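Single-structure report; data block below.
The values are calculated or read from the model by the stated rules, or taken from the named source; none is laboratory data. What you are looking at is a predicted structure, and each value in this text was computed from that prediction instead of being measured. All Cβ positions, glycine included, derive from the backbone under ideal geometry; neighbour counts span all protein chains shown.
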């Protein structure tokens, strides 16, 4: 990366920033509470990886039954059906709703699987596995953090459908057990991503010899 | 928030731990980390009063959307309307009631709590008063809850549900649906206003 040689990490300059409020202290304050927000100061979260792997594992464990058990039970006058996530998407495709089927497949299969892979890769990359540049890994991390929450959409759809489609004998929809395990899987994966200390990504880079911290870049925003 | 006292102070990128000296950006400008491009400082004119105003708007929208119908359905003479409250209570019976609590928290309680917290923290400062007691703790909670506020995801969920049901019965959008759409835009505007570095500094300075 062309930008990297401008920066010096706070840690090698003998400083640390509070993870919660951003106040800057000398490195010797590590372990003390922040004078501004009371959060315990630490330059790096040393137990970050343990927490990431623990949440990641329960997340994966919940994702398996989420795909095997039914998400929705639909009853109409003529028939009753129980659909898993994938079966529901395939049924939509048969109706010709390719767009919605794609949204559901991406949100409940594509994104969760990609997320598990990305979190695992990021955690391993801190140990020196993989060759992606830190800037790219940082972007990957931000993407995982941003997109993770959107997987909840499937759970909300089940909630809406179950509340809405209660038409006596004509049609009714109720939630299946996969709604719970899927929600848990999304929540645990979000916690895994949040536990990851992204500053560790940059530690593999090393610092340039530099005496003073530079100014940050000033950019004009497009909007006033 | 453009006083020169902050110039020369140190700032650390929360994502990559790069250390910088603060050079306070003008309104509309922003300071960006050179190495990972995270926005460090982005001051906006009259940000506090604007954020408070948007929070009040949001609260009104959520409370109204809670009880008004957002989707209506009819088939073979039977019809049904759903409010946000009904969606929350969809799992209330049976073994999935935990999910009811979670859905209620994610789409109603957490968004409302965040709005109340932001008003509590920022309203006094917007009117040049001292922050109220425990403001820092309140702002901390406000930030921690951010990823768990999922009203906008719920709105997109409504869209998906709409298409799924259309094969089964006739569906109409209710007034609450449009309110939730406005809410999504308001939340985005508000996030765009929020500069956490400036707010933490203001909390510290006006103690």
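Structure notes:
- Where strands (runs of 3 or more DSSP E) sit wholly within region B:18-83, those with at least 1 residues that are closer than 30 Å to residue A:15 by Cα, in contact with a helix residue (DSSP H, G or I) (Cβ under 7 Å, 6 or more places away or on another chain) and more than 7 Å from chain A (Cβ to nearest Cβ) occupy B:39-41.
- Residue in region A:201-223 that is over 24 Å from residue B:10 (Cβ atoms), surrounded by fewer than 23 Cβ atoms within 10 Å (Cβ to Cβ), at pLDDT below 80 and more than 8 Å from chain B (Cβ to nearest Cβ) present: yes
- Meets criteria (buried (at least 20 other Cβ atoms within 10 Å of the Cβ) and either touching a strand residue (DSSP E or B) at 6+ places or on another chain (Cβ under 9 Å) or facing chain B (nearest Cβ under 8 Å) (or both)) for residue A:196: no
- For residue B:75, the criteria (1) without any contact (Cβ under 8 Å) to a residue 60 or more places away in the chain; (2) closer than 30 Å to residue A:172 by Cβ; (3) surrounded by 17 or more Cβ atoms within 10 Å (Cβ to Cβ) hold in every case but one, which is (1).
- Qualifying residue in region A:132-151 (condition: free of Cβ contacts under 8 Å to residues at least 12 places away in the same chain and in contact with a helix residue (DSSP H, G or I) (Cβ under 6 Å, 6 or more places away or on another chain)): no
- Among the criteria (1) at pLDDT 90 or above; (2) within 30 Å of residue B:167 (Cα to Cα), the one residue A:188 does not fulfil is (2).
- Residues in region A:134-169 that are facing chain B (nearest Cβ under 7 Å) and surrounded by fewer than 19 Cβ atoms within 10 Å (Cβ to Cβ) were compared, and the one that is nearest to residue A:119 (Cα to Cα) is A:150.
- Counting only residues that are within 8 Å of chain B (Cβ to nearest Cβ) and in contact with a helix residue (DSSP H, G or I) (Cβ under 7 Å, 6 or more places away or on another chain), region A:175-193 holds 5 of them.
- Verdict on residue B:191 being part of a loop (DSSP other than H, G, I, E, B) and either closer than 23 Å to residue A:183 by Cβ or without any contact (Cβ under 8 Å) to a residue 40 or more places away in the chain (or both): no
- Condition check for residue B:165: assigned to a helix (DSSP H, G or I) and closer than 30 Å to residue A:77 by Cα: yes
- Among (1) under 14 Å from the mean Cα position of the chain (by Cα); (2) within 12 Å of another protein chain (Cβ to nearest Cβ) - the single one residue B:160 does not satisfy: (1)
- Scanning region B:5-17 for residues that are part of a strand (DSSP E or B) and either farther than 22 Å from residue A:44 by Cα or free of Cβ contacts under 8 Å to residues at least 24 places away in the same chain (or both) gives B:10, B:12.
- Boolean, residue A:155 is in a loop (DSSP other than H, G, I, E, B) and either within 30 Å of residue B:84 (Cα to Cα) or at pLDDT 90 or above (or both): no
Matching residues to (1) surrounded by fewer than 19 Cβ atoms within 10 Å (Cβ to Cβ); (2) within 30 Å of residue A:95 (Cα to Cα):
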site: B:141; (1), (2): yes, no
site: B:149; (1), (2): no, no
site: B:153; (1), (2): no, yes
site: B:160; (1), (2): no, yes
site: B:165; (1), (2): no, yes
site: B:175; (1), (2): yes, yes
site: B:190; (1), (2): no, no
site: B:197; (1), (2): no, no
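- Of the strands (runs of 3 or more DSSP E) lying entirely inside region A:1-113, the ones with 2 or more residues being within 13 Å of chain B (Cβ to nearest Cβ) and over 30 Å from residue A:138 (Cβ atoms) are found at A:72-76, A:80-83.
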